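What follows is a single structure, written as structure tokens, with notes after it.
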Amino acid sequence: MNDKKGIIITGAVIGLFGGLLVKLGNPLNMGICVACFIRDIAGSIGLHRAGVVQYLRPEILGFVLGAFIIARLTGEFKVTGGSSPISRFVIAMFVMIGALVFLGCPLRMVLRLAGGDWNAILGIVGFVLGVLVGSQFLKKGFTLGRSYKINKTSGYILPLIMVLFLILRVIKPGFIIFSESGPGAAYAPWIIALIAGLVIGIFAQRSRICMAGGIRDLYLIRDNHLITGFISIFVFAFIINLIFGNFNPGFAGQPAAHTDWLWNLLGMFLTGFGSVLLGGCPLRQTILAGEGNTDSAVTFFGYLVGAAIAHNFGLAASGSGVSFAGKFAVIFGIVVVGLIGISSIKLSRSN
Amino acid sequence: MLEVDTRGRSCPEPVIMTKNAVSGLQKEDSIKVLIGEEVAKENVGRFARNAGCEVDIEEKGNEEYKLIITKK
């Protein structure tokens, strides 16, 4: 399924589930959002205490487990690690912080646009610029170094944690926090969310769909393969939003969004920049983590901690806009990711 | 023959390393690209074919591949 058809179908599956999950209870324009949902998971296990965004999202568990299952079946499950895990962890934290200042991962950015949220246009501009800057680093020889085959056990750890989370979601013990209001309290029935996650995980693993990769490949090697998936998500989400009456064009009053254009742009710039250095967007990293890539599993934990920091220190945006701390964190993040990038070019040259 | 070892490099580094190596090729010159995973094999193969090269894939076992890329 590495042809055009595969990637278009994957985009269609994501777009359709994105629209459908909203219909079944997920927050508006948030049928699927890797960043928001990892943030909700961070809240539900108490890593942050923002009461309105705490829920063990079965979609994310499904992404990892779907990719894990299909990779096992196709023989692509391969346990690797050792490619600068701590640098990846830090970059991932800032990718998440950038996404939470914009209010969405690259995937939700496309779903927001498909719901008529024009603020997403600024996000896309920032994301594209971030990917282009990151691509320049790659051109100049940036690398986080090679990974190696490692002990198989490590590859099972994240999928097993996801199984544990799934059990906790189903039995709902008292120490797991579930929002009583706000976006965290808006969710589709868990079994459907899980199935959606599994199906998307399987398709995404087979097609290698990646939001950052689409723009990167178009620019670096004039290859439009991955960007086709990006466009497919938009088209199908747009159609389903029209059918369900969830297309509401405009800037103001959009669900889980703000109109602070500069910070929509810069937040997504940071996310795009960091994602290219990591080798993929949050969705792709989550899928890779299921395939046994422990560097991506470390990246996943970086997202989780980044989300906790974003909410514990008031960096995450809200409908009313971006705090001073949030703005500072984005600029600081661009500097830190840039410094990791520059030093990783120098290192690759001196080796 | 120039050998490019992309094993263990994360996406899209194998493609960029191949691209840099291919850009120096004359007609009918070949390079050897060592690849450690399925995804990189697809990506490098797709890139090389799009760049007007012939691609010969040799499986080395243990999920490693050797691609011989020849400029047409």
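Could you grab the pairs with beta carbons closer than 6 Å, sequence gap of 6+ or different chains, first residue in segment A:320-334 and at positive phi, second one open to solvent by less than 10 Å² (accessible area, probe 1.4 Å) and part of a loop (DSSP other than H, G, I, E, B)?
Between residues of segment A:320-334 that are at positive phi and residues that are open to solvent by less than 10 Å² (accessible area, probe 1.4 Å) and part of a loop (DSSP other than H, G, I, E, B), the close pairs are A:321/A:258.
For segment A:55-76, enumerate the residues that are of a type in the set (Lys, Arg) and either touching a helix residue (DSSP H, G or I) at 6+ places or on another chain (Cβ under 6 Å) or open to solvent by less than 10 Å² (accessible area, probe 1.4 Å) (or both).
Once the filter is applied, which keeps residues that are of a type in the set (Lys, Arg) and either touching a helix residue (DSSP H, G or I) at 6+ places or on another chain (Cβ under 6 Å) or open to solvent by less than 10 Å² (accessible area, probe 1.4 Å) (or both), segment A:55-76 yields only A:57.
Within segment A:4-48, how many residues are of a type in the set (Lys, Arg), in contact (Cβ under 8 Å) with a residue 12 or more places away in the chain and open to solvent by 20 Å² or more (accessible area, probe 1.4 Å)?
2
Suppose we filter segment A:45-104 for residues that are in a loop (DSSP other than H, G, I, E, B) and basic (Lys, Arg); how many remain?
Of the residues in that region, 3 qualify.
Would you mind finding the one in A:294, A:299, A:286, A:271 that is surrounded by 20 or more Cβ atoms within 10 Å (Cβ to Cβ) and in contact with a strand residue (DSSP E or B) (Cβ under 6 Å, 6 or more places away or on another chain)?
A:294
How many residues are hydrophobic (A, V, I, L, M, F, W, C) and open to solvent by 10 Å² or more (accessible area, probe 1.4 Å) when one looks only at segment A:80-105?
6
Scan segment A:247-262 residue by residue and report those that are under 15 Å from residue A:117 (Cβ atoms) and open to solvent by 30 Å² or more (accessible area, probe 1.4 Å).
If the condition is that a residue be under 15 Å from residue A:117 (Cβ atoms) and open to solvent by 30 Å² or more (accessible area, probe 1.4 Å), then A:247, A:248, A:249, A:251, A:252, A:253, A:255, A:256, A:259, A:260, A:261 are the ones that fit.
Considering only helices (runs of 4 or more DSSP H) fully contained in segment A:106-224, which possess at least 1 residues that are open to solvent by less than 30 Å² (accessible area, probe 1.4 Å), within 12 Å of chain B (Cβ to nearest Cβ) and under 20 Å from residue A:59 (Cα atoms)?
Where helices (runs of 4 or more DSSP H) fall fully within segment A:106-224 and carry at least 1 residues being open to solvent by less than 30 Å² (accessible area, probe 1.4 Å), within 12 Å of chain B (Cβ to nearest Cβ) and under 20 Å from residue A:59 (Cα atoms), they are A:190-207.
The values are calculated or read from the model by the stated rules, or taken from the named source; none is laboratory data. On a predicted model such as this, the values are computed, not experimentally measured, just so you know. Neighbour counts are summed over all protein chains in view; Cβ atoms, including those assigned to glycine, are modelled from backbone coordinates with ideal geometry. Calculation scope for accessible area: heavy atoms of the full protein, side chains included, ligands and nucleic acids excluded. Shrake-Rupley method; radii C 1.70, N 1.55, O 1.52, S 1.80 Å.
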